[in-house]
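Single-structure report; data block below.
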Amino acid sequence: MAISLNDKFDSAERHRAVVEHGQGLLVVEAGPGTGKTYSLLRKIESLIVIGVDPTEIYYITFVNSIVDAFKDDIRKPTEDGGLGADPDDLGIHISTLHSLAFKIVKVYSTELGLPEHLEVIDLSPKPQSLLSQVFVGDLFAYAKARNLVSNKKSFDKLLKALTESWRLHRPIPTDCEFLADATDTLCNTYEVCPWDKLVLHAIRAVEENGLPTWLQGAQHFLIDEYQDFNPSEQRLIELITEPSDSIIIVGDPDQSIYSGRSASPEGILNLLERPDAWTVSFVYCRRCPRKVVEAANNLLRFMDEDGYPQRELQAFKDDDGDFNIQSFKSCKAEIEAIAEALQSMDESEYKNVILLLPKRNVAEYYARKLSEVGVTCTIKSADTSAELREAILRLIVLHDQPFICRILLSHFPNIERKFREQVLVDLAANGTSLIDALTRAAEDHRWQKRLKDTLTDFRSVHNALTSDDVQSITTALDSLKTKVSENLVICLLNSDPKDSVRNRVESCVDATSDEDEDEDSDDTTTAVQVMTMHGSKGLSKELVIIPAFDEKLLPGGNSGERLQEVHRLVYVAVTRVKSHLLVTFPKTRAKGDPLNYPPRPQLSSYAQILTGLSGTPGK
């Protein structure tokens, strides 16, 4: 059983347990807004004060947005709780675990039998990024051409089971073995690696070869958002932290919302039981006003009566704040009321507002409707044009990375499905270049002239982009309608070949950013952020609006473990609030509304739970 430090420190001063921690493992169960970032900053500060080399400090978290937020917190003046310094200048290592895994794999690429320049993609049935969409589409086409799968539905099911086995660090299911082989074949052909397989490669690299030299100097690990990591990722964390002097792991089982990536609250709960660990619980909520803390505690009590007393949030703020649930006769009236509330504010305050929805298509609908009535909204989405641009810039540097060549090909129309399948099978069987496979396939008399003309255009553009000639490259970029300055091209061609390709591209883009700014781009500095509840992790805003609080969305017919996660998702959304929480609900919906389907709208039963009344979602 772990040793609890809760009795040693007053609940309002438990950040001292982090600051004073010496050797060994400290597990911090930190509720929302309870000061985990503040405690980690103070820990870094204390280490530097006693003479620890900042390069020995590693902060690792789950997503890039939290990496960026943590760096921003370090840059804040000391009077605002920051360190008043640039983290890169200090030398502290701050990254996602996947970024760290990529660096480990790159060091041991030869031992692992992997190419030097890997493109990493998200292998899932419904990927968001362009690169991932192209790869998954080609994998399905390749599997279907070899009669391994009969339709997309069966392919998606097998792909989900395959990636889940990687994430859970378990053997591949027997019925997925053929798809695993096909995936490996196409990955080798394209020199691509799925993010989840990358973690497994990193585990194998460390188990067989030990830590890379640059990682052996890490003595102080700060692991954040531990509840979001899956078992494979947790195993990699165990391996890289094992030799270090001090490990601080921070998480909250009540904020685990990534079961789609096999994350589970059990990971942090198991750590809290380790006999070699010290533990401390943060419960003093400094973010949310009293009424929101009460609503969050009502939800905690519903989720887990046995564990609730230990995790109960205590309000730090004296003000009550606002927590309102409002119903409207229609979605139109709901939109107008939200718009009226926002338009009564100064637009400079919009940066302190977010609208949270549980599904992306519903978030996009509300963003569009609010924009129609005069409220400027922004919603984060995959920018395929930006992805294509970045891929082309890497191609200029690399010349022959197979998958980036394939991404370039996706820019050209008139590529028939059967032709693509023939090229894929040829590529996988012969291991030749994409250009050679396309040339051989184009010699087939069955293909129409327009296809062969398209392939001629593709080869011409590809040859220009990989020519090292500035004028030829800029002409090819113009033909692709890709905005890149001549100075950026010159910078890329003159960049240090010893540096990583991504660093070369990023540094050149940064160096010429003023020239490449899109003058027609929308100014989103005075826009209201609309996002999914999942995307709000790590954020806190003065005003949080949760529209469409409908039973068909929350809980949305979910049951079992998925229903438990929806409970946590609502908990995360509610606790983003610094001052005001507004929950809205329309009694009717109109044509074109993504929620305009039976049954009729009904206020989510979470409303009763949050207000302290009875209610049981999913019943």
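The values are calculated or read from the model by the stated rules, or taken from the named source; none is laboratory data. It should be emphasised that the depicted structure is a prediction, and the values quoted were computed from it without experimental measurement. Reconstructed Cβ throughout: ideal geometry from the backbone, glycine too, with neighbour counts over all protein chains shown. Note: accessible area is taken over every heavy atom of the protein model, side chains too, but ligands, DNA and RNA are not part of it. Shrake-Rupley method; radii C 1.70, N 1.55, O 1.52, S 1.80 Å.
So how many Lys-Lys pairs in the range 335-467 land under 25 Å Cα to Cα, not counting same-chain pairs under 8 apart? Don't skip to the end; give the middle numbers.
Values: K351/K359; K351/K369; K351/K380; K359/K369; K359/K380; K369/K380; K418/K449; K418/K452.
Total qualifying Lys-Lys pairs in the range 335-467 comes to 8.
Quick check: Cα centre of the range 313-333 to Cα centre of the range 569-591, how many Å?
What the calculation gives is 8 Å, centre to centre.
With a ≥ b ≥ c the root eigenvalues of the C-alpha gyration tensor of the range 334-421, is it rounded (a/c under 1.5), prolate (a/b larger than b/c) or oblate? Let's see the in-between values first.
On the way: a/c = 4.14, a/b = 2.45, b/c = 1.69.
Prolate.
If amide H atoms are built 1.01 Å from N in the plane of the peptide, which residues on other chains or at least 5 residues away come under 5 Å of the amide H of I325?
It is V583, by chain and number.
Calculate, for the chain, the solvent-accessible area per residue in square angstrom, rolling a 1.4 angstrom probe over the heavy atoms of the protein chains.
Roughly 45 Å² per residue, with all protein chains present.
Report, to two decimal places, the Cα Rg of the chain normalised by 2.2 N^0.38 Å (N = number of residues).
Values: Rg = 26.0 Å, N = 619, 2.2 N^0.38 = 25.3 Å.
Ratio of Cα Rg to 2.2 N^0.38 Å: 1.03.
Across the range 585-592, in residue order, what do the Karplus-derived ³J(HN,Hα) couplings come to in whole Hz, using 6.51 cos²θ - 1.76 cosθ + 1.60 with θ = phi - 60° and x for Gly and Pro?
So the J values, rounded to whole Hz, are 8, x, 7, 9, 9, 10, 4, x.
What pairs in K76/K498; K43/K197; K43/K106; K197/K552; K43/K541 have C-alpha atoms more than 29 Å from each other? Could the numbers behind the result be given before it?
Values: K76/K498 34 Å; K43/K197 33 Å; K43/K106 31 Å; K197/K552 35 Å; K43/K541 25 Å.
Check vs 29 Å cut-off fails for K76/K498; K43/K197; K43/K106; K197/K552.
Could you tell me what percent of the accessible area of the range 462-619 is made up of carbon and sulfur, with a 1.4 Å probe and every protein chain present? Kindly include the intermediate steps, with their values, before the conclusion.
On the way: 3490 of 7680 Å².
It is 45 percent, rounded to a whole number.
Take the Cβ-Cβ distance between S4 and K103 as r, set R0 to 45 Å, and report the resulting FRET efficiency rounded to the nearest 0.05. Before the final figure, lay out each step's value.
Working: r = 36 Å, r/R0 = 0.79.
Taking R0 as 45 Å, the efficiency between S4 and K103 is 0.80.
Please give the contour-minus-distance gain from D86 to N414: 0.36 nm per residue of separation, less the Cα-Cα distance, rounded to one decimal in nm.
Values: separation 328, 0.36 × 328 = 118.08 nm, distance 4.93 nm.
Fully extending the segment from D86 to N414 adds 113.1 nm.
Leaving out ligands, DNA and RNA, and with a 1.4 Å probe, what % of the accessible surface on the range 270-338 is carbon or sulfur? If you can, show how the numbers build up before the last one.
Working: 1500 of 3530 Å².
Using a 1.4 Å probe with all protein chains present, the range 270-338 comes out at 42 percent carbon and sulfur.
Suppose R0 equals 25 Å. What FRET efficiency, 1/(1 + (r/R0)^6) with r the Cβ-Cβ distance, do S467 and D510 give to the nearest 0.05?
Numbers: r = 25 Å, r/R0 = 0.99.
That gives a FRET efficiency of 0.50.
Applying the Karplus parametrisation 6.51 cos²θ - 1.76 cosθ + 1.60 with θ = phi - 60° to the phi angles of the range 460-472, what ³J(HN,Hα) value in whole Hz is obtained for each residue in order, glycine and proline being reported as x?
Running phi through 6.51 cos²θ - 1.76 cosθ + 1.60 with θ = phi - 60° gives 5, 5, 4, 4, 5, 5, 9, 8, 6, 9, 4, 5, 5 Hz.
Please state, to two decimals, what the Cα-based radius of gyration of the range 204-257 comes to when divided by 2.2 N^0.38 Å (N = residues). Working shown, then result.
Details: Rg = 12.3 Å, N = 54, 2.2 N^0.38 = 10.0 Å.
Dividing the Cα radius of gyration by 2.2 N^0.38 Å gives 1.22.
How much length is gained if the chain between N147 and R274 is pulled fully straight, taking 0.36 nm per residue apart and subtracting their Cα-Cα distance, in nm to one decimal?
Details: separation 127, 0.36 × 127 = 45.72 nm, distance 4.83 nm.
Taking N147 through R274 to full extension adds about 40.9 nm, to one decimal.
Semi-axes, largest first, in whole Å: what does sqrt of 5 times each Cα gyration tensor eigenvalue give for the range 375-454?
On the way: eigenvalues 172, 56, 24 Å².
They are 29, 17, 11 Å, listed from largest to smallest.
Once amide H atoms are placed 1.01 Å from N in the peptide plane, what residues at a sequence separation of 5 or more from R286, or on another chain, have their amide H within under 5 Å of its amide H?
For R286, the qualifying residues are T34, G35.
Using θ = phi - 60° and the Karplus relation 6.51 cos²θ - 1.76 cosθ + 1.60, list the HN-Hα couplings for the range 246-251 in order, rounded to whole Hz, with x at every Gly or Pro.
Each residue's phi maps through the Karplus curve to give 9, 10, 10, 10, 10, x Hz.
Just flag the GluC sites (Glu not before Pro) in the range 1-39 sitting in loop per DSSP whose Cβ has no more than 14 other Cβ atoms within 10 Å. Walk me through the numbers before you get to the answer.
Details: sites: E13, E20, E29; in loops: E20.
In loop regions of the range 1-39 (DSSP not H, G, I, E or B), the sparsely surrounded GluC sites (Glu not before Pro) are E20.
How large, in percent, is the carbon and sulfur part of the accessible surface of the range 46-128 at a probe radius of 1.4 Å?
On the way: 1870 of 3840 Å².
Summing carbon and sulfur atoms, their accessible area is 49 percent of the total for the range 46-128.
May I ask for the percentage of alpha-carbon pairs in the range 383-533 that lie more than 23 Å from each other?
Working: 5109 of 11325 pairs.
In whole percent, the long-distance tail amounts to 45.
List every residue whose amide H lies under 5 Å from the amide H of R576, counting only residues 5 or more places away in sequence or on a different chain, with H placed 1.01 Å from N in the peptide plane.
The answer is none.
Points 7 angstrom from Cα along the Cβ direction at H445 and Q343: gap in nanometres?
6.9
So, in nm, how far is label N503 from label Y308 when the simple model puts each one 7 Å beyond its Cα toward the Cβ?
For the pair N503/Y308, the computed spacing is 5.2 nm.
Helix-only mean residue ellipticity at 222 nm, the chain, DSSP H runs n ≥ 4 weighted -39,500 (n - 2.57), per residue, nearest 500. What is it? Write out the running numbers ahead of the final one.
Details: 28 runs with 293 residues, N = 619.
Rounded to the nearest 500, the figure is -14000 deg cm²/dmol.
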